[in-house]
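The structure appears below as structure tokens.
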Amino acid sequence: MSNKRVLLSSAVDLALALGIIALAFGVIRFALVPAVIEGLGLAGDSIAAASLRRGGAALGILLAYGAFVRFRERRAATELYPRPRAIVGGIITGALMIAPTMLVLFAIGAYQTTWRGWQAALAGDAVVILVAAMLEEVVFRGVLFRQLERALGTTAAIVCTALVFAAVHLPNLGDGSDMRAFATTFVSVAVIGGFWTVLFARTRNLWFVTLHHAAWNFTIVLSGAPLSGLGEWLAAAPLVTVDRGPIWLTGGAFGPENSVLTILIVAAVVFTLARRKLTGSAVEGRPAAAPDSSRTNPAGVVALRESASRLTERWSPRVVAALDDYYVKVCKVHGTFGWHSHDTDELFVVLEGRLAIAMQDARADLGTGDCFVVPRGVLHNPTAEEECLLMLIEHAATLHAGSGHAVAVPTRTIAEQLRPL
């Protein structure tokens, strides 16, 4: 598939996914749920009615996204699997990420606060925050980022998603803000949005990122500070907080997300996550040394077919050589791997047997001696009806399962792929 076709297909899928989510959200939230509330005879302002509206909104978002992935991308929506570790980890890390900023601001007196007590509306606001975070993560990370990643690659998609995320939040400042406030807010929200995008790119789990996002927001609400420039949550906060510090430190009317402390903390975490992109001993752009074949073969010649045939695990590539920033790998395969994509091109060479590589609107059938390049960002699914031996040439930063993770075998780390045969 050419780059132009990938860009066009990604744009179409982006519009289609957003349209389906908006339609499902609207139908369930504004048609089905009101009908259920009326049928049950519930008061419009009751807790039960509010719970149905919020639950209906969440259900519409998840059903629409799941349907798009299932029927358009033809894969399981593994990023929606509610894994317990993802749920607990998202909540804990989300609260802990923003807590240092809040603690420092309280400790130095930049925020002065008094205890008001727990408010009855707090539980309902927590659900609203969760649904809002779910909508943003599905739209920005599940839809926008994945389609941009498919068209542009992972790094460019992270940057573009962060910029769009920041631009969408600028109206929260209101008309009375000056250019400095707009610039500061754009930078801070872009850094935060970039962090959540990197987090999704690493975990490929929307529940983890959604709950991280929601816990971050709820922690700010609990503190009594403004959340993303919105003051509607302040009445439900157990604390009454007054801003007494400089804007660059407290974030002003936008809240602690605009604090220089938050920007520095999140930027440091993003930098750390980016440097640790690869699992194992290889660093992006600097491949770890391939297994040394000179001990058994002084000429350094690698017998590709023989090396691949010695493998006992299927769909578990091993590095046999390195050139510049690329690895040469051999692999033994049988069956179907699963739909996924990479942010770099990937070369398949069939050493023995036959391999079919399905893509969204094309298919490549390879026999012994054939090669095929899967362009970056293209969803593909390799299948071998009988045992097949392969050589792969991939960038050192290419991860085994790539993006998508609807694969039938465990992901192999770079360290595992570097083990001697």
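The values are calculated or read from the model by the stated rules, or taken from the named source; none is laboratory data. Keep in mind it's a predicted model, so treat the numbers as computed, not measured. Neighbour counts are summed over all protein chains in view; Cβ atoms, including those assigned to glycine, are modelled from backbone coordinates with ideal geometry. Note: areas computed on protein heavy atoms with side chains; ligands, DNA, RNA excluded. Shrake-Rupley method; radii C 1.70, N 1.55, O 1.52, S 1.80 Å.
Out of the stretch 236-253, which residues are within 17 Å of Phe218 (Cβ to Cβ), open to solvent by less than 30 Å² (accessible area, probe 1.4 Å) and among the hydrophobic types (A, V, I, L, M, F, W, C)?
Answer for the stretch 236-253, where residues must be within 17 Å of Phe218 (Cβ to Cβ), open to solvent by less than 30 Å² (accessible area, probe 1.4 Å) and among the hydrophobic types (A, V, I, L, M, F, W, C): Ala236, Ala237.
Conditions (1) surrounded by 22 or more Cβ atoms within 10 Å (Cβ to Cβ); (2) among the hydroxyl-bearing types (Ser, Thr, Tyr); (3) more than 20 Å from Leu152 (Cα to Cα), marked per residue:
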site: Asn381; (1), (2), (3): no, no, no
site: Ala384; (1), (2), (3): yes, no, yes
site: His400; (1), (2), (3): yes, no, no
site: Glu416; (1), (2), (3): no, no, yes
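Looking at (1) open to solvent by less than 60 Å² (accessible area, probe 1.4 Å); (2) closer than 25 Å to Thr154 by Cα; (3) in a loop (DSSP other than H, G, I, E, B), which one does Leu311 not meet, given that it meets all the others?
Here Leu311 clears every test but (2).
Condition check: open to solvent by 30 Å² or more (accessible area, probe 1.4 Å), more than 24 Å from the chain's Cα centre (by Cα) and either at pLDDT 90 or above or aromatic (Phe, Trp, Tyr) (or both). Does Arg305 satisfy that?
Considered against the rule, which asks whether it is open to solvent by 30 Å² or more (accessible area, probe 1.4 Å), more than 24 Å from the chain's Cα centre (by Cα) and either at pLDDT 90 or above or aromatic (Phe, Trp, Tyr) (or both), Arg305 comes out as yes.
Among the residues of the stretch 365-379, what is the count of those that are open to solvent by less than 10 Å² (accessible area, probe 1.4 Å) and at pLDDT 90 or above?
Summing the residues that are open to solvent by less than 10 Å² (accessible area, probe 1.4 Å) and at pLDDT 90 or above in the stretch 365-379 gives 3.
Limited to the stretch 79-114, what total is found for residues that are surrounded by fewer than 20 Cβ atoms within 10 Å (Cβ to Cβ), in a helix (DSSP H, G or I) and of a type in the set (Val, Ile, Thr)?
6
Quick test of your reading of the structure: Thr161 fulfils all but one of (1) touching a helix residue (DSSP H, G or I) at 6+ places or on another chain (Cβ under 8 Å); (2) of a type in the set (Ser, Thr, Tyr); (3) touching a residue at least 40 places away in the same chain (Cβ under 8 Å); (4) in a helix (DSSP H, G or I). Name the failing condition by number.
(3)
Working only within the stretch 220-235, note down all residues that are surrounded by 20 or more Cβ atoms within 10 Å (Cβ to Cβ) and part of a helix (DSSP H, G or I).
If the condition is that a residue be surrounded by 20 or more Cβ atoms within 10 Å (Cβ to Cβ) and part of a helix (DSSP H, G or I), then Ile220, Val221, Ser223 are the ones that fit.
For Ser46, which of the numbered conditions (1) of a type in the set (S, T, N, Q); (2) surrounded by 13 or more Cβ atoms within 10 Å (Cβ to Cβ); (3) more than 20 Å from the chain's Cα centre (by Cα) fails to hold?
(2)
In the stretch 119-128, is there at least one residue being open to solvent by less than 40 Å² (accessible area, probe 1.4 Å), of a type in the set (D, E, K, R) and at pLDDT 90 or above?
no
Given (1) open to solvent by 60 Å² or more (accessible area, probe 1.4 Å); (2) hydrophobic (A, V, I, L, M, F, W, C); (3) within 17 Å of the chain's Cα centre (by Cα), identify the lone condition not met by Leu32.
So the condition that Leu32 fails would be (3).
Inside the stretch 345-402, counting only strands (runs of 3 or more DSSP E) that do not spill past its ends, which hold 2 or more residues that are of a type in the set (A, V, I, L, M) and within 26 Å of Thr203 (Cα to Cα)?
Once the strands (runs of 3 or more DSSP E) in the stretch 345-402 are filtered for at least 2 residues that are of a type in the set (A, V, I, L, M) and within 26 Å of Thr203 (Cα to Cα), what remains is 355-359, 380-395.
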